[in-house]
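First comes the structure, then the notes that go with it.
The values are calculated or read from the model by the stated rules, or taken from the named source; none is laboratory data. For clarity, every value in this text was computed on a predicted model and none was experimentally measured. In this analysis, Cβ positions are derived from the backbone assuming ideal geometry, glycine residues included, and neighbour counts consider all displayed protein chains.
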Amino acid sequence: MAELSDSITFLGTAGARFVMIRQFLASGGTWLNLGDTQILLDPGPGSLVQAARRKLDPAKLDAIILSHKHLDHSGDINVMIEAMTEGGTKKRGIVFAPADALEQDPVILSYLRSYPQSIQVLTEGGSYTINDVSFKTPIRHRHPVETYGFIFQTPRHTFSWIVDTRYFEDLASHYEGDLLVIHVVRLNPGAPVDHLSLPEVKSIIEKLRPRIAILTHFGMTMWRARPWELAKKLTEETGITVIAARDGMKFDLAELD
């Protein structure tokens with residue numbers, strides 16, 4: 001029997017509206033292959049196409065997780081629910097989303113809501129289970145809509161995912177694990193948007209001190225500054241391995257072992 005493994009495939013690394021709408025970078029979200037459990041995180045525009053390009057079958061998904069309802073995260077949520085359930089012919093999978101993605105100005109269409117096995121509402125401090133994978137939403141992020149980051153735990157690894165938020169002092173203290181995936185939209189702080197900048201991300205990495213940190217969800221200022229070069233510099237400055245995600249990159253969590 002083959003030994004189970006955990007991997008993360010980036011179906012896109014675009015952050016914020018301008019990189020997304022111009023498709024300088026793809027915006028398909030992220031596919032988590034955690035042992036026997038397949039999870040799609042934040043299926044933004046193009047998620048279905050990017051999954052097909054990577055030969056990832058949405059009909060094998062066990063869950064779709066939406067961190068928040070902004071279009072760069074939710075643009076393909078409906079078509080991926082349709083694909084996960086094979087057009088509603090198979091009642092399967094769980095959809096996780098904040099309440100405001102379902103209630104006020106919903107992004108998940110009503111007629112699709114009976115297709116998955118269930119829809120579960122994310123809340124601050126919540127804990128959730130998908131097969132032998134669990135995840136927590138430790139704190140509500142500071143963003144214009146209801147937004148949560150995640151701590152994932154498999155039988156083999158624990159890793160954190162800090163999504164869109166304005167920086168606040170104790171943000172890092174709510175997360176843990178050997179791997180940190182973090183959204184870094186802005187090169188410099190101070191813009192009137194609730195997104196993390198590179199210096200703020202550096203501070204979080206230094207406080208958390210994971211074995212590896214992966215930067216993703218790049219806005220225009222980050223993309224123009226060449227994230228792969230910025231990641232190399234952060235590695236030198238922090239002593240922690242920092243990687244800039246690329247569209248289609250597959251990261252094997254066995255690298256943490």
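Go through region 232-241 residue by residue and tally those that are surrounded by fewer than 20 Cβ atoms within 10 Å (Cβ to Cβ) and in contact (Cβ under 8 Å) with a residue 12 or more places away in the chain.
Within region 232-241, residues that are surrounded by fewer than 20 Cβ atoms within 10 Å (Cβ to Cβ) and in contact (Cβ under 8 Å) with a residue 12 or more places away in the chain number 4.
Considering each residue of region 151-172, count those that are over 30 Å from residue 4 (Cα atoms) and touching a residue at least 12 places away in the same chain (Cβ under 8 Å), and give that number.
6
From the list 28, 44, pick out the single residue that is assigned to a loop (DSSP other than H, G, I, E, B), under 13 Å from the mean Cα position of the chain (by Cα) and either surrounded by 24 or more Cβ atoms within 10 Å (Cβ to Cβ) or at pLDDT 95 or above (or both).
Unique residue meeting the criteria: 44.
Here's a check for you: in region 75-84, which residue that is surrounded by 21 or more Cβ atoms within 10 Å (Cβ to Cβ) and among the β-branched types (Val, Ile, Thr) is nearest to residue 44 (Cα to Cα)?
Among residues in region 75-84 that are surrounded by 21 or more Cβ atoms within 10 Å (Cβ to Cβ) and among the β-branched types (Val, Ile, Thr), the one nearest to residue 44 (Cα to Cα) is 77.
When you look at residue 99, is it aliphatic (A, V, I, L, M), touching a strand residue (DSSP E or B) at 6+ places or on another chain (Cβ under 7 Å) and surrounded by fewer than 16 Cβ atoms within 10 Å (Cβ to Cβ), yes or no?
yes
Give just the number: which of (1) out of contact with any Asp or Glu (no Cβ under 8 Å at 6 or more places or on another chain); (2) farther than 26 Å from residue 107 by Cβ does residue 158 not satisfy?
Condition (1) is where residue 158 drops out.
Which condition from (1) under 21 Å from residue 125 (Cα atoms); (2) without any contact (Cβ under 8 Å) to a residue 12 or more places away in the chain is the one that residue 182 breaks?
Residue 182 satisfies every listed condition except (2).
For residue 7, only one of the following conditions fails: (1) among the hydroxyl-bearing types (Ser, Thr, Tyr); (2) surrounded by fewer than 22 Cβ atoms within 10 Å (Cβ to Cβ); (3) assigned to a loop (DSSP other than H, G, I, E, B); (4) touching a helix residue (DSSP H, G or I) at 6+ places or on another chain (Cβ under 9 Å). What is its number?
Single failed check for residue 7: (3).
Considering only residues that are surrounded by fewer than 21 Cβ atoms within 10 Å (Cβ to Cβ) and under 22 Å from residue 114 (Cβ atoms), which ones fall in region 58-74?
Residues satisfying the conditions are 59, 60, 62.
Of the conditions (1) surrounded by fewer than 19 Cβ atoms within 10 Å (Cβ to Cβ); (2) touching a residue at least 40 places away in the same chain (Cβ under 8 Å), residue 210 satisfies every one except a single condition; which number is it?
(1)
Of everything in region 62-88, what is in contact with a Phe, Trp or Tyr (Cβ under 9 Å, 6 or more places away or on another chain) and β-branched (Val, Ile, Thr)? Give them in sequence order.
Selection gives 64, 65, 81, 85.
Condition check: more than 20 Å from residue 141 (Cβ to Cβ), touching a Pro at 6+ places or on another chain (Cβ under 8 Å) and either without any contact (Cβ under 8 Å) to a residue 12 or more places away in the chain or not acidic (Asp, Glu) (or both). Does residue 28 satisfy that?
The answer is yes for residue 28.
List, please: which pairs have Cβ atoms under 8 Å, are six or more places apart or on different chains, and start with a residue in region 188-202 that is closer than 16 Å to residue 224 by Cα and end with one that is buried (at least 21 other Cβ atoms within 10 Å of the Cβ) and among the basic types (Lys, Arg)?
Taking only residues 6 or more apart or on different chains, the pairs are 197/186; 198/186.
Scan (1) more than 20 Å from residue 8 (Cβ to Cβ); (2) buried (at least 21 other Cβ atoms within 10 Å of the Cβ); (3) of a type outside the set (Ser, Thr, Tyr) for the single condition residue 196 breaks and write down its number.
So the condition that residue 196 fails would be (1).
Looking only at region 173-185, which residues are in contact with a Leu (Cβ under 7 Å, 6 or more places away or on another chain) and crowded, with 21+ Cβ neighbours inside 10 Å?
175, 179, 180, 182, 183, 184, 185
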